[in-house]
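In what follows, a single structure is set out as structure tokens and then discussed.
The values are calculated or read from the model by the stated rules, or taken from the named source; none is laboratory data. Just so you know, these numbers come straight off a predicted model, no measurement behind them. We place every Cβ from the backbone using ideal geometry, glycine too, and count neighbours over all the protein chains shown. With ligands, DNA and RNA removed, areas are computed over all heavy atoms of the protein, side chains included. Shrake-Rupley method; radii C 1.70, N 1.55, O 1.52, S 1.80 Å.
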Amino acid sequence: FEIDDRSKAGLAVQKAFLKDDSVGKLLRLDYRPRTGPMRKLRVKLEVDTNPPEGAQYEVRTLDFPFPSPVRVHDLPSLFAGKLHALLCREYMKGRDWYDFIWYTANRTPVNYELLHTSLMQTGPWQGQALDVDSEWCVTALRTIVETIDWKRAAADVMPFIKPNEQPSLEFWSKELFLTQSAKMAE
């Protein structure tokens with residue numbers, strides 16, 4: 001068992017990688033591909049040592065490896081985190097936009113308090129006086145949506161999508177994401 005400390009002093013989010021060649025002993029999980037030897041499992045932990053305020057939580061029960069309660073962000077708080085990534089990430093990540101479609105298709109409300117405190121903490125709006133609501137968010141998203149190369153975004157997410165879902169990526173366009181964004185104001 002070895003730990004790679006990749007954290008940098010002074011950063012709010014600290015990172016560490018846990019590695020072990022004998023996964024079965026450490027995690028009591030079998031990870032064996034269909035063919036070949038046991039595979040190395042890498043677990044990346046990121047701990048936000050200064051999380052923005054406003055998140056809401058719920059308790060969910062995991063079934064595997066045994067039933068146990070876990071405290072997690074509720075869906076509106078998760079959506080706020082995803083929106084923060086979409087609005088502030090310095091590079092385009094197709095998986096974020098794939099998730100965005102899921103949240104908007106399911107009419108997930110946004111925890112605007114958490115989004116606001118996140119924007120105040122990091123990103124291009126850090127420290128600015130903002131009135132973060134659905135109208136502000138749709139306008140900010142529209143600006144970003146209009147700049148993205150949607151063919152490249154679709155190609156970025158393709159390796160993570162099941163083959164039967166991949167044809168839907170052909171519809172990724174500025175118009176699709178503007179329509180999805182507008183659902184947030186309804």
## Note on the structure
Among helices (runs of 4 or more DSSP H) entirely within the stretch 101-186, at least 3 residues that are under 18 Å from Glu53 (Cα atoms), open to solvent by less than 70 Å² (accessible area, probe 1.4 Å) and not small (Gly, Ala, Ser) occur in 112-121
### Message
Tally up the residues in the stretch 60-100 that are within 19 Å of Ala153 (Cα to Cα) and touching a Leu at 6+ places or on another chain (Cβ under 8 Å), please.
### Response
8
### Task
Please state which one of Gly94, Gly10, Gly24, Gly54 is at pLDDT below 95 and open to solvent by less than 50 Å² (accessible area, probe 1.4 Å).
Gly24
#### Entry: Selection status of Pro163, free of Cβ contacts under 8 Å to residues at least 12 places away in the same chain and over 20 Å from the mean Cα position of the chain (by Cα)
yes
